[in-house]
Amino acid sequence: MKKRKIILLAALLVFVCSAAIGAFEKGRSSKSKSKEDLYNNVGLFADAVSIIRSDYAEEVDSKKLMYGAMRGMLESLDDYTQFLDPEEYKELQEEAKGEFGGIGIEVTFKDGMVTVITPISGSPAEIAGIKPGDKIVKINSKTTKDMDLNAAVKEMRGKSGTVLNITVWREKDQKILDFSVKRDIIKINSIKEAKFIEDKIGYIKVIEFLEKTPQDLEEALRKLESQGMDSLILDLRNNPGGLLDVAAVVCEKFLPKDAVIVSIKTRDPKQDSVIKSKGAFLHAVKPLVVMVNEGSASAAEIFAGAIQDNKRGMILGTKTFGKASVQAVIQMRDGSALKFTTASYLTPSGRIIRNHGIIPDIIVERDENGAVKKAKAAEIFENLEEKKVKVEKDNQLDMAVNVIKALKVYKGQ
């Protein structure tokens, strides 16, 4: 009997070892197969290049061929991954510094179409009436149907003073609209306005999260605080985002030390990370209301999500864009670059933002008609050519002011 147990135990051990070895071999086999598939496909690509170079009707520029292949390869991955030739990479660097030429819109590729994330505040595009979510279907009479994102951006760039004609599909209104927009040199100031609205309520509009944003915001906050600010409305409407590290530094101005700002999720769980506030430049001003809309994206969503999940302030407006991916830009040896998605980010509570956006605590749709109020004498004299001066009332901002006042009463202020 004892001998029989030993035999059974040995058999079981052999079975377990065999299963483990089998699993290991299967994993190794799977990896080997993946490598083999890659080599086969690279070989296929090499064959195609060889055929094109030898048999195409005209002599082929090798670099142009490679650039086209890399562009297609990267754009097949997701809406935000793309290949940048040296000129496009240079333009990207200029944009990060806050100055570039064009009509002033941030675009992406969404649902198979070139889509406006947001017009930049004060830009020719915003003045013309282009809105977040508009789908660009024509650029100077050229259809964008088979146009990649880089090609669309190039078509829209041009000399300051020249006119760009674009046609958009506005899904919300089920309308096709034509715009003629005069190009200009777009200069982005990270802070557009920093002022008092009423009753010691401060108002700051952050245009984009650029390298200089933390410094500009710090100056604005200190100025208002020195004048007695006891509450703040931070306007991130139509803020397309920007740099992740800048968003983290801006969050630190409002969140205490060790508060979670954002979680970064990669393909390898070992490389996942959590960014926390260092609390180095904390501004304790309360109450705080953050305004967002469908044009608020990326870094703006990181900020709004951090404020909301840490219960530091109220989020007011409409659902944000829903861009929840982190991009890295790697320069290649010839000055071109790969801009690709390396991770997704989650809010401090673990909420997924991609394609969902941040849902405000208080949802307030923008009144597009806008109420008209009487203009002051100074405004009339400044606009003598116009028979009637219209000042659009901002119903979302009015609601933000009312929320601040209600919070002050609630907290006994």
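Where a number appears in this text, it was derived from the coordinates with a stated rule and is not lab data. A quick note: this is a predicted structure, and the numbers were derived from the prediction, not measured. All Cβ positions, even for glycine, are placed from backbone atoms using ideal geometry, and neighbour counts span all protein chains on display.
Here are the numbers for the structure shown:
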| read-out | value |
| --- | --- |
| Residue order, fewest to most surrounding Cβ atoms within 10 angstrom, among T213, T320, T342, T162 | T162, T342, T213, T320 |
| Residues L243, L221 arranged by fewest to most Cβ contacts within 10 Å | L243, L221 |
| Prolate/oblate/rounded label for segment 196-365 (Cα gyration tensor, a/c 1.5) | prolate |
| Out-of-range pairs (alpha-carbon distance over 23 Å; input K205/K311; K145/K265; K131/K319; K311/K408; K131/K192) | K145/K265 |
| Length added when fully stretched, E87-M399, from 0.36 nm per residue minus Cα-Cα | 107.9 nm |
| Flagged links, alpha-carbon separation over 25 Å, of K195/K278; K187/K286; K142/K182; K63/K339 | K195/K278; K187/K286 |
| Förster-model FRET efficiency, 35 Å R0, A48 and D173, C-beta, rounded to 0.05 | 0.20 |
| Ranked packing of 117-128, 179-190, most packed first, by mean Cβ within 10 Å | 117-128, 179-190 |
| Highest average packing first - 259-266, 235-242, 44-51, Cβ atoms within 10 Å | 235-242, 259-266, 44-51 |
| Computed label-point distance, nm, for sites R354 and D55 using a 7 Å Cα→Cβ extension | 3.9 nm |
| Under 19 Å from the Cα of K159 - aspartates and glutamates, other chains or at least 8 residues apart | E87, E88, E91, E94, E95, E99, E106, E126, D184 |
